[in-house]
């Protein structure tokens, strides 16, 4: 029996979305390919719940940096998240994340 402890870190802030909503950004699949996203989307349909994190990465679950579908480092993606989704970290969590209001 393996008694190795696995430590997983939940994101300080993330919000759940249906994958179909996030696929609305132009160039979604191209962005995934360019980034070399590690998680396979082949078996995920538009109703699959995914998580948008404070760093704008999208993951399959609430754990930061695991099963990344899309990294959050593209200006067009940031604009989509802010304008189309209205995504932002609540002001009271900004100090926890070390971010400026």
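Could you tell me which residue of the range 1-22 is modelled with the highest pLDDT, considering only residues that are surrounded by 13 or more Cβ atoms within 10 Å (Cβ to Cβ) and part of a loop (DSSP other than H, G, I, E, B)?
13
With respect to residue 63, determine if the residue is modelled with pLDDT of 85 or more, under 10 Å from the mean Cα position of the chain (by Cα) and surrounded by 13 or more Cβ atoms within 10 Å (Cβ to Cβ). Please lay out each step first, then the result.
On the way: modelled with pLDDT of 85 or more: yes; under 10 Å from the mean Cα position of the chain (by Cα): yes; surrounded by 13 or more Cβ atoms within 10 Å (Cβ to Cβ): yes.
For residue 63, the condition - modelled with pLDDT of 85 or more, under 10 Å from the mean Cα position of the chain (by Cα) and surrounded by 13 or more Cβ atoms within 10 Å (Cβ to Cβ) - is met.
Just for the range 77-101: of the residues that are surrounded by 10 or more Cβ atoms within 10 Å (Cβ to Cβ) and modelled with pLDDT under 85, which one is farthest from residue 57 (Cα to Cα)?
95
I need every pair where a residue in the range 65-91 that is assigned to a loop (DSSP other than H, G, I, E, B) has its Cβ under 6 Å from the Cβ of a residue that is at pLDDT 85 or above and exposed (fewer than 12 other Cβ atoms within 10 Å of the Cβ), sequence separation at least 6 or different chains.
Close Cβ pairs satisfying both conditions: none exist.
The values are calculated or read from the model by the stated rules, or taken from the named source; none is laboratory data. Just so you know, these numbers come straight off a predicted model, no measurement behind them. Here the Cβ is made from the backbone with ideal geometry for all residues, glycine too, and neighbour counts use every protein chain on show.
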